[in-house]
Amino acid sequence: MVEGKNYYLATDFSRSNAWKLIPAFFRQLNIIRKEKPDAIITTGAAPGLICVFAGWLLRRKTIWIDSIANVNRLSLSGRIAALFVSRVYTQWQHLATAKIHYAGDIFG
């Protein structure tokens, strides 16, 4: 923890318990309204997806970094995020496109 900084717990959910999406979305929307971040950056999964979506709705800069585990194609959440986020990054050069950026790998 960093003294003087706020931290929030994000509810975890997936396709198997998608009913948690709605309350988690509104909680994250309220946190973004309160904190007014310049940008929202996530490395993925469903909770990160709804956070960048809430940020997009509030006109914040949003950045998606797809998981290194997705070697053959972007994750499902990454493919959805690519439809609206400000910028998408992949950690695999062969997955880069005009819209999906590669800026190096974490091992290099």
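The values are calculated or read from the model by the stated rules, or taken from the named source; none is laboratory data. A quick note: this is a predicted structure, and the numbers were derived from the prediction, not measured. Every residue, glycine among them, receives a Cβ derived from its backbone with ideal geometry; neighbour counts consider all protein chains shown. Accessible surface areas use protein heavy atoms only, side chains included; no ligands, DNA or RNA. Shrake-Rupley method; radii C 1.70, N 1.55, O 1.52, S 1.80 Å.
Computed values, structure above
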| read-out | value |
| --- | --- |
| Per-region count, segment 5-46, residues open to solvent by 80 Å² or more (accessible area, probe 1.4 Å) and over 30 Å from W92 (Cα atoms) | 12 |
| Qualifying positions in segment 47-76 - open to solvent by 80 Å² or more (accessible area, probe 1.4 Å) and among the basic types (K, R) | R59, K61, R73 |
| Selection from segment 58-73 of residues that are over 14 Å from A46 (Cβ atoms) and modelled with pLDDT of 90 or more | L58, R59, R60, K61, T62, I63, I65, N72, R73 |
| Only listed residue being among the aromatic types (F, W, Y) and in contact (Cβ under 8 Å) with a residue 24 or more places away in the chain, chosen from F26, F53 | F53 |
| Single unsatisfied condition, A45 versus (1) on the phi > 0 side of the Ramachandran plot; (2) more than 13 Å from the chain's Cα centre (by Cα); (3) of a type in the set (A, V, I, L, M, F, W, C) | (2) |
| Residue selected from segment 93-108 under the condition open to solvent by 70 Å² or more (accessible area, probe 1.4 Å) and touching a strand residue (DSSP E or B) at 6+ places or on another chain (Cβ under 7 Å), by the criterion farthest from I40 (Cα to Cα) | Q93 |
